[in-house]
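One structure below.
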Amino acid sequence: MIDIKIRSAKKNDSKDIFEWRNDELTRRMSLTSEILEWENHSLWYSNSLDMDSRTVLICEDSHNKKIAVIRFDISKDSAFVSINLNPSMRGKGFAKLCLIKSIEFFSNEHIEINYLIAKIKDDNIASQKIFVSIGFKKYNFKDNFGFYKKILV
């Protein structure tokens, strides 16, 4: 088993997350595909770290190499979850483990959350398979996006 850890994102993670988000494949699979400007990202990221309704986590290996960023946007008793892998870590089997561990971390901190939702592009087969493999079930499809839900309680 791969030894990974989950931690809260910090200010100094911003540059890595910015670079991962502007990766070509990441942009194609994201909800929005335009290239982000540093100023916009920097403001968004700073605000994200200060929001009570958003949790941003970093998944790292045992050598503190960043594998992924996982975001939870909280709304009452649910949260939208998304993951973005470090492009250099794709295809190594980390996404599933990072999601599992980050959901455990998040759930321990937010016991009021009853279910998670993921919104995934219809052509992002890899993400669909990973989310389904950890218990998410597709419940809706709209505008080229599938909606997946996982009940936590």
Screening Phe72, Phe18, Phe105 for residues that are assigned to a helix (DSSP H, G or I), aromatic (Phe, Trp, Tyr) and in contact (Cβ under 8 Å) with a residue 40 or more places away in the chain leaves only Phe105
With respect to the numbered conditions (1) touching a strand residue (DSSP E or B) at 6+ places or on another chain (Cβ under 8 Å); (2) surrounded by fewer than 12 Cβ atoms within 10 Å (Cβ to Cβ); (3) within 18 Å of Lys150 (Cβ to Cβ); (4) not charged (D, E, K, R), which one is the sole condition not fulfilled by Ile111? (1)
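Can you find, within region 122-148, the residue that is modelled with the highest pLDDT among those that are in a loop (DSSP other than H, G, I, E, B) and more than 22 Å from Gly91 (Cβ to Cβ)?
Initial filter on region 122-148 (in a loop (DSSP other than H, G, I, E, B)): 122-124, 134-136, 143-144.
Right, trim to more than 22 Å from Gly91 (Cβ to Cβ) and you get 135, 143-144.
Working: Gly135: 97, Asp143: 90, Asn144: 89.
Of everything passing the filter in region 122-148, Gly135 is modelled with the highest pLDDT.
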The one condition in (1) touching a strand residue (DSSP E or B) at 6+ places or on another chain (Cβ under 7 Å); (2) charged (D, E, K, R); (3) without any contact (Cβ under 8 Å) to a residue 40 or more places away in the chain that Lys65 fails to fulfil: (1)
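In this structure, does Lys129 turn out to be more than 23 Å from Arg27 (Cβ to Cβ), of a type in the set (D, E, K, R) and either crowded, with 19+ Cβ neighbours inside 10 Å or without any contact (Cβ under 8 Å) to a residue 12 or more places away in the chain (or both)? Even if it seems obvious, please write down each step before you answer.
Working: more than 23 Å from Arg27 (Cβ to Cβ): no; of a type in the set (D, E, K, R): yes; either crowded, with 19+ Cβ neighbours inside 10 Å or without any contact (Cβ under 8 Å) to a residue 12 or more places away in the chain (or both): yes.
Criteria not met by Lys129.
Before we move on, is Ile83 crowded, with 18+ Cβ neighbours inside 10 Å, touching a residue at least 60 places away in the same chain (Cβ under 8 Å), not aromatic (Phe, Trp, Tyr) and not in a helix (DSSP H, G or I)? Let's see the steps before the verdict.
Details: crowded, with 18+ Cβ neighbours inside 10 Å: yes; touching a residue at least 60 places away in the same chain (Cβ under 8 Å): no; not aromatic (Phe, Trp, Tyr): yes; not in a helix (DSSP H, G or I): yes.
When the stated conditions are applied, Ile83 does not pass them.
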Identify the residue in region 7-22 that is surrounded by 15 or more Cβ atoms within 10 Å (Cβ to Cβ) and farther than 15 Å from Ser82 by Cβ and, among all such residues, is modelled with the lowest pLDDT. Asn22
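What number of residues within region 23-55 are assigned to a loop (DSSP other than H, G, I, E, B), under 14 Å from the mean Cα position of the chain (by Cα) and buried (at least 16 other Cβ atoms within 10 Å of the Cβ)?
Applying the first criterion (assigned to a loop (DSSP other than H, G, I, E, B)) to region 23-55 yields 23, 30-37, 51-53.
So of that shortlist, the ones also under 14 Å from the mean Cα position of the chain (by Cα) come out as 30-31.
Narrowing the set further to residues that are buried (at least 16 other Cβ atoms within 10 Å of the Cβ) leaves 30.
Of the residues in that region, 1 qualify.
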From Asp122, Asp143, which residue is free of Cβ contacts under 8 Å to residues at least 60 places away in the same chain, surrounded by fewer than 16 Cβ atoms within 10 Å (Cβ to Cβ), touching a strand residue (DSSP E or B) at 6+ places or on another chain (Cβ under 7 Å) and charged (D, E, K, R)? Asp122
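The values are calculated or read from the model by the stated rules, or taken from the named source; none is laboratory data. What you are looking at is a predicted structure, and each value in this text was computed from that prediction instead of being measured. FYI the Cβ positions are ideal-geometry reconstructions off the backbone, even for glycines, and counts take in every protein chain you see.
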